[in-house]
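Participant: My questions will all concern the structure given below.
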Amino acid sequence: MRAIERFPNLVTMFFARAKEMGDAPFLWRKKDGAWRSMSWTDVAYDVAALASALRAQGLKPGDPVMLVSENRPEFCIADLAIMAAGGVTVPTYTTNTTRDHQHILTDSGAQAVIVSTAKLAATLMPAVLRSQARFVIGMEPVRGAQGQIACHLWSDLIAAHPTDVEACALEQTAGREDLACIIYTSGTGGAPRGVMQHHGSILCNIEGAAKLVAEDFGWDDEVFLSFLPLSHAYEHSGGQFLPIMLAAQIYYSEGLEKLASNIEETRPTIMVVVPRLFEVLRARIIKSIEKQGKLPHFLLQQALRIAAKEQRGAKSVLDMPMKALLSRTLRPKVAKRFGGRMKALVSGGAPLNPDVGLFFEAMGLTLLQGYGQTEAGPVISCNRPAAGIAMDTVGPPLDGVEVRIAEDGEILARGELVMHGYWRNPAETEKVLKDGWLHTGDIGEIDARGRIRITDRKKDLIVNDKGDNVAPQKVEGMLTLQPEIGQAMVSGDRRPYLVGLVVPDAEWTREWAAAQGKSVERIENDPAYVAALRAAMDRVNLDLSVIERVRRFILADEPFSIENEELTPSMKIRRHVIRKRYQGRLDALYRA
């Protein structure tokens, strides 16, 4: 097995890999209908040249630099160049409003900004002009306010600063304790806080993840498809720095609409994704199989039956013929949709419904659920075949991570991966860092095999009027597995029972309306339409305890989305925003 090296900082790791890999392809993007690559050597040169340019513009060691960009090769180059120049990267979401940018610019004290496009700059520049930032670099041409702030073009700066890559690599003196980036939490409640991730936090994460890949799957020529926002800690560590550690290639997806075709074209070996995407893919695959007729549907049911049986540890030789048939018929077709060489799909960022995990396992794909948070670099644990994959757990802690359960059930984590605190926010830091332990805010337990099982988010627990605790994420996850329901939020704190807010699935709604000969625009109050949604909820209630059942529901005015601020960029629902909008109507359900 290839050794997992221990590097002093992220930039030194990158330059070491670039020297080793040379002209081999590293970063890929789709341009003019074809995938085009940048080699490790080319990327290393651009990193060193941009670092030189940043220093020439007056960037000093420790200066924060805001980075606003979609997933593309320049994001990786900019991130590494900022650190190589001694700065601190502040990656931010492309979906941020001017107000969001203003908060992060002011809070971080960013001295410079790197932005990808004129479209993103239009939202960003008003905030920049009211900030302390001294200059802006555009990956593509951007317009600044005349005479107010210096704007530079990426290509011009790199061309103006020819550099010695080897010298830049030797200049790297950062240690594992030094600050690498400030990542602002996406904020399911309240204003985002800046998590201070040091080099060792991310390195600890990717060393543990690389060891998992090497031991459980074999470290080979790995290929990643980068889809989740790189401003999110999960993709930043798992989708950028882990591939560098593994000397892997990174393809940058063209977006959600083209994700399925991108997967087939690039044939990734490892992919990090959030649960919501798995739910969407599962629904599409099931629908596709069921349209093919009775035999494929029968094979699907048999695959699910065998997978559920084996999850319970009840393997049977009687299932061998059916497993052989599935391996020649159903599973190869599904594997092809994922490129044909996928070693593992890694789910993180939010809880995964065990039924979703079981489905992909049944299809012959290895799905690993991970767990963590930005404050922990962000990965604390991950399922791995060597420990036995249980879909209701998030696996054992990574190497170098200690986990224990507090008296009240809260999961605590300790190790080099834990942040040094929230940027300029000692009061909030003291709430979560106590005696070296990170208090995650999640409730859970550890099973006999050392695997963590999450039961709920501490602050999201619903406590009904009788004092019973209800985990809303479990109920919501079961609701959204129904074909009729696209999104859901349940409510019921200090109330006698749960009520729900439902976003009907758009595709199911169109098909239902067409079958009934009705207009989609006019069915929201249609009794038969509401009854069909009620039937879906009743199916879920059959599998829930009395206190978990959703008695009544209302329909949302529109889907939860990033644009209406009801979803975070990592696809988690913002409960406080949704409650503010719908609380009156939800309360009325108890008076009806």
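The values are calculated or read from the model by the stated rules, or taken from the named source; none is laboratory data. Since the model is a prediction, treat every value here as computed from it, not as a measurement. Backbone-built Cβ (ideal geometry, glycine too); neighbour counts: all protein chains shown.
Participant: Mind listing whichever residues of segment 219-275 are of a type in the set (Ser, Thr, Tyr) and modelled with pLDDT under 95?
Facilitator: Passing the criteria: 231, 234, 261.
Participant: I need the full set of residues from segment 545-562 which are surrounded by fewer than 16 Cβ atoms within 10 Å (Cβ to Cβ) and more than 23 Å from residue 508 (Cα to Cα), in order please.
Facilitator: Answer for segment 545-562, where residues must be surrounded by fewer than 16 Cβ atoms within 10 Å (Cβ to Cβ) and more than 23 Å from residue 508 (Cα to Cα): 545, 546, 547.
Participant: Which of the numbered conditions does residue 402 fail, given that it passes all the others? Conditions: (1) in a strand (DSSP E or B); (2) touching a Lys or Arg at 6+ places or on another chain (Cβ under 7 Å); (3) crowded, with 19+ Cβ neighbours inside 10 Å.
Facilitator: Residue 402 satisfies all of (1) in a strand (DSSP E or B); (2) touching a Lys or Arg at 6+ places or on another chain (Cβ under 7 Å); (3) crowded, with 19+ Cβ neighbours inside 10 Å except (3).
Participant: Any residue that is surrounded by fewer than 19 Cβ atoms within 10 Å (Cβ to Cβ), β-branched (Val, Ile, Thr) and either assigned to a loop (DSSP other than H, G, I, E, B) or touching a helix residue (DSSP H, G or I) at 6+ places or on another chain (Cβ under 7 Å) (or both) - is there at least one of those in segment 460-474?
Facilitator: no
Participant: Can you say whether residue 528 is free of Cβ contacts under 8 Å to residues at least 24 places away in the same chain, under 23 Å from residue 585 (Cβ atoms) and assigned to a helix (DSSP H, G or I), as far as the supplied structure shows? First the steps, then the outcome.
Facilitator: On the way: free of Cβ contacts under 8 Å to residues at least 24 places away in the same chain: yes; under 23 Å from residue 585 (Cβ atoms): yes; assigned to a helix (DSSP H, G or I): yes.
So residue 528 passes the test.
Participant: Next up: Counting just the residues of segment 42-59 that are without any contact (Cβ under 8 Å) to a residue 40 or more places away in the chain and not aliphatic (A, V, I, L, M), which one comes out nearest to residue 136 (Cα to Cα)?
Facilitator: Taking the candidates together, the pick is 55.
Participant: Taking into account only those residues within segment 442-459 that are part of a strand (DSSP E or B) and touching a Pro at 6+ places or on another chain (Cβ under 8 Å), which is modelled with the highest pLDDT?
Facilitator: 452
Participant: Going by the structure shown, is residue 104 of a type outside the set (Ser, Thr, Tyr), in contact with a helix residue (DSSP H, G or I) (Cβ under 7 Å, 6 or more places away or on another chain) and either modelled with pLDDT of 95 or more or crowded, with 20+ Cβ neighbours inside 10 Å (or both)?
Facilitator: On the way: of a type outside the set (Ser, Thr, Tyr): yes; in contact with a helix residue (DSSP H, G or I) (Cβ under 7 Å, 6 or more places away or on another chain): no; either modelled with pLDDT of 95 or more or crowded, with 20+ Cβ neighbours inside 10 Å (or both): yes.
No: the conditions fail for residue 104.
Participant: When you go through (1) outside the structural domain of residue 580 (by TED's automatic domain parsing); (2) touching a residue at least 12 places away in the same chain (Cβ under 8 Å) one by one for residue 486, which number turns out not to apply?
Facilitator: (1)
Participant: Determine if segment 287-298 includes at least one residue that is out of contact with any Asp or Glu (no Cβ under 9 Å at 6 or more places or on another chain) and within 26 Å of residue 222 (Cβ to Cβ).
Facilitator: Taking segment 287-298 as the starting set, the residues that turn out to be out of contact with any Asp or Glu (no Cβ under 9 Å at 6 or more places or on another chain) are 288-295, 298.
Next, only the ones that are within 26 Å of residue 222 (Cβ to Cβ) stay: none.
Scanning segment 287-298, I find no residue that is out of contact with any Asp or Glu (no Cβ under 9 Å at 6 or more places or on another chain) and within 26 Å of residue 222 (Cβ to Cβ), so the answer is no.
Participant: It is to be established whether one or more residues within segment 71-89 are under 16 Å from residue 139 (Cβ atoms), assigned by TED's automatic domain parsing to the domain that holds residue 130 and either surrounded by fewer than 17 Cβ atoms within 10 Å (Cβ to Cβ) or hydroxyl-bearing (Ser, Thr, Tyr) (or both).
Facilitator: Yes, segment 71-89 contains a residue that is under 16 Å from residue 139 (Cβ atoms), assigned by TED's automatic domain parsing to the domain that holds residue 130 and either surrounded by fewer than 17 Cβ atoms within 10 Å (Cβ to Cβ) or hydroxyl-bearing (Ser, Thr, Tyr) (or both).
Participant: Hey, could you check segment 383-402 for residues that are over 22 Å from the mean Cα position of the chain (by Cα) and of a type in the set (A, V, I, L, M) and say which is farthest from residue 477 (Cα to Cα)?
Facilitator: Among those that are over 22 Å from the mean Cα position of the chain (by Cα) and of a type in the set (A, V, I, L, M), it is 386.
Participant: Quick check: anything in segment 319-328 assigned to a helix (DSSP H, G or I), out of contact with any helix residue (DSSP H, G or I) (no Cβ under 7 Å at 6 or more places or on another chain), acidic (Asp, Glu) and surrounded by 14 or more Cβ atoms within 10 Å (Cβ to Cβ)?
Facilitator: No, the conditions are met nowhere in segment 319-328.
Participant: Any residue in segment 147-170 that is over 22 Å from residue 13 (Cα atoms) sitting within a Cβ distance under 9 Å of a residue that is of a type in the set (Val, Ile, Thr) and part of a loop (DSSP other than H, G, I, E, B)? List the pairs, counting only those 6 or more apart or interchain.
Facilitator: Going by the 9 Å Cβ cut-off, the qualifying pairs are 151/142; 153/142.
Participant: I need every pair where a residue in segment 240-253 that is under 19 Å from residue 35 (Cβ atoms) has its Cβ under 6 Å from the Cβ of a residue that is among the hydroxyl-bearing types (Ser, Thr, Tyr) and assigned to a helix (DSSP H, G or I), sequence separation at least 6 or different chains.
Facilitator: 251/266
Participant: Name the residue that is surrounded by the most Cβ atoms within 10 Å (Cβ to Cβ), counting only residues in segment 128-141 that are modelled with pLDDT of 95 or more and aliphatic (A, V, I, L, M).
Facilitator: 128
Participant: Now, a different point. Among the residues of segment 288-301, is any outside any helix (DSSP H, G or I) and under 27 Å from residue 482 (Cβ atoms)?
Facilitator: Going through segment 288-301, the residues outside any helix (DSSP H, G or I) turn out to be 292-293.
The next check asks that each one be under 27 Å from residue 482 (Cβ atoms); those that pass are 292-293.
Yes, segment 288-301 contains at least one residue that is outside any helix (DSSP H, G or I) and under 27 Å from residue 482 (Cβ atoms).
Participant: Okay, next question. Determine the pairs where a residue that is without any contact (Cβ under 8 Å) to a residue 60 or more places away in the chain and farther than 17 Å from residue 185 by Cα, located within segment 552-570, has a partner that is among the hydroxyl-bearing types (Ser, Thr, Tyr) and surrounded by 16 or more Cβ atoms within 10 Å (Cβ to Cβ) with Cβ atoms under 9 Å apart, the partner being 6 or more residues away or on another chain.
Facilitator: Once the first residue is without any contact (Cβ under 8 Å) to a residue 60 or more places away in the chain and farther than 17 Å from residue 185 by Cα and sits in segment 552-570, its partners that are among the hydroxyl-bearing types (Ser, Thr, Tyr) and surrounded by 16 or more Cβ atoms within 10 Å (Cβ to Cβ) give 552/497; 554/582; 557/582.
Participant: Here is a further query. Scan segment 439-458 for residues that are surrounded by fewer than 19 Cβ atoms within 10 Å (Cβ to Cβ), among the β-branched types (Val, Ile, Thr) and under 13 Å from residue 404 (Cβ atoms) and jot them down.
Facilitator: Of everything in segment 439-458, just one residue is surrounded by fewer than 19 Cβ atoms within 10 Å (Cβ to Cβ), among the β-branched types (Val, Ile, Thr) and under 13 Å from residue 404 (Cβ atoms), namely 446.
Participant: Tally time: how many residues in segment 496-515 are outside any strand (DSSP E or B) and either out of contact with any Asp or Glu (no Cβ under 8 Å at 6 or more places or on another chain) or crowded, with 17+ Cβ neighbours inside 10 Å (or both)? Even if it seems obvious, please write down each step before you answer.
Facilitator: So the first thing to find is which residues in segment 496-515 are outside any strand (DSSP E or B), and the list is 496-497, 505-515.
If we keep only those that are either out of contact with any Asp or Glu (no Cβ under 8 Å at 6 or more places or on another chain) or crowded, with 17+ Cβ neighbours inside 10 Å (or both) too, we end up with 497, 505-515.
Number satisfying all stated conditions: 12.
Participant: With segment 1-92 as the region, which strands (runs of 3 or more DSSP E) entirely inside it contain at least 2 residues that are within 26 Å of residue 109 (Cβ to Cβ)? I'd like the intermediate steps shown before the answer.
Facilitator: Details: elements: 25-31, 34-39, 64-68, 88-92.
By residue number, 64-68, 88-92.
Participant: Could you list, ordered by first residue, the pairs with Cβ atoms under 9 Å in which the first is in segment 203-216 and closer than 14 Å to residue 3 by Cβ and the second is part of a helix (DSSP H, G or I), at least 6 apart or interchain?
Facilitator: So the pair list comes out as 207/245; 210/242; 210/245; 213/242; 215/386.
Participant: Give, as residue ranges, the helices (runs of 4 or more DSSP H) completely inside segment 152-271 that count at least 1 residues that are touching a Phe, Trp or Tyr at 6+ places or on another chain (Cβ under 7 Å).
Facilitator: 165-170, 199-216, 242-245, 259-266
Conditions (1) among the aliphatic types (A, V, I, L, M); (2) part of a loop (DSSP other than H, G, I, E, B); (3) surrounded by fewer than 22 Cβ atoms within 10 Å (Cβ to Cβ); (4) not assigned by TED's automatic domain parsing to the domain that holds residue 438, marked per residue:
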{"residue": "349", "(1), (2), (3), (4)": "no, yes, no, no"}
{"residue": "357", "(1), (2), (3), (4)": "no, no, no, no"}
{"residue": "368", "(1), (2), (3), (4)": "yes, no, no, no"}
{"residue": "380", "(1), (2), (3), (4)": "yes, no, no, no"}
{"residue": "389", "(1), (2), (3), (4)": "yes, yes, yes, no"}
{"residue": "394", "(1), (2), (3), (4)": "yes, yes, no, no"}
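Participant: Can you tell me which condition residue 279 does not meet? The list is (1) assigned by TED's automatic domain parsing to the domain that holds residue 369; (2) free of Cβ contacts under 8 Å to residues at least 12 places away in the same chain; (3) under 29 Å from the mean Cα position of the chain (by Cα), and all the others hold.
Facilitator: Checking residue 279 against (1) assigned by TED's automatic domain parsing to the domain that holds residue 369; (2) free of Cβ contacts under 8 Å to residues at least 12 places away in the same chain; (3) under 29 Å from the mean Cα position of the chain (by Cα), the one that fails is (2).
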